[in-house]
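Enquirer: Below are the structure tokens for one structure; questions will follow.
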Amino acid sequence: MTHAVKHHPGIPLLEQYVEGTLEADVALAVAAHIDLCPHCQQLCQDLAVEQGTQLQLMEPMDTNTSEPDWQAMMDSIIAESPDTAELPKQHKGPVTVHWKDKTFQVPRALARLVEQQTKWTQLGSIANNKLPAGDKRHVSLLYIDKDTAIPQHTHLGIEITLVLSGAIVDEQGQYGVGDILINTPDDTHTPRTLPDQDCLCLSVLSAPLKFNKGFTRLLNPLQHFFY
Ligand SMILES: [Zn+2]
């Protein structure tokens, strides 16, 4: 699986991530993206160097010794976020998520959360597993069967979606494994899966989705389903 990641969190988010100032639940999505994205791994290393050694900004960094620093940086970032203060020993082996007879491998950054997954709730061909999160945001694993559309919606807050398996297509383009979609209250979209491929993603919401179309009697349960 060598999908080239095309949609990244963007420099401001990565900067906050490296600084350790990002909210824990957003940092989690960014960390999981970084696990899947060599491009952002390099960027974060560069940002860490930049932030750590402002005075030597013009000096080229020694990439040969960057590997241990990266891990140390990750550890310190994770340790700084209050929700994950007492981090257990490094998770070994693949981290997997199961839905019915399917098994998905997900980034290590999600290991601790995945261990605490709750029961899946299913609504048609979509299933949601709400994960323990900080008080400000709602984090869940979202399984969407192939050829399925999530009804058109806008966002009352920020919606961050990280594709973990399969792909999502919306009005803006197609998102594959590792791609991160960040939607704000200005964005309206109708995400759907490909005709022949189901999808697992991580969803971080700061406020409920607002569905624009469909049967009124379905909108309320739909909102509760995602948030
Ligand atoms: Zn990236």
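Enquirer: Relative contact order (percent) for the range 95-226, with alpha-carbon contacts under 8 angstrom and 6 or more residues of separation?
Expert: Relative contact order comes out at 26 percent.
Enquirer: 5 Å is the cut-off here: which amide hydrogens, built 1.01 Å from N in the peptide plane, fall below it relative to V95, excluding neighbours closer than 5 in sequence?
Expert: Close amide H contacts, sequence-distant or interchain: V106.
Enquirer: Could you run the Karplus curve 6.51 cos²θ - 1.76 cosθ + 1.60 with θ = phi - 60° over the range 39-45 and give me ³J(HN,Hα) per residue in whole Hz, x for Gly and Pro?
Expert: 4, 6, 4, 5, 4, 5, 4
Enquirer: Pairs K100/K130; K130/K210; K102/K210; K6/K146: which exceed 24 Å Cα-Cα?
Expert: K102/K210
Enquirer: Next question, about the same structure. Take each of the peptides 43-51, 26-34, 166-174, average the number of other beta-carbon atoms within 10 Å over its residues, and list them starting from the highest.
Expert: 26-34, 43-51, 166-174
Enquirer: Also, I was wondering about something else. Across the range 93-101, in residue order, what do the Karplus-derived ³J(HN,Hα) couplings come to in whole Hz, using 6.51 cos²θ - 1.76 cosθ + 1.60 with θ = phi - 60° and x for Gly and Pro?
Expert: Result, rounded to whole Hz: x, x, 9, 10, 10, 10, 9, 6, 8.
Enquirer: For a test of the definition: using alpha carbon positions, the gyration tensor, and the 1.5 limit on a/c, classify the range 95-226 as rounded, prolate or oblate.
Expert: Here the range 95-226 falls in the rounded category.
Where a number appears in this text, it was derived from the coordinates with a stated rule and is not lab data. Note that the structure is a prediction, hence the values are computed from the model and not measured. In this analysis, Cβ positions are derived from the backbone assuming ideal geometry, glycine residues included, and neighbour counts consider all displayed protein chains.
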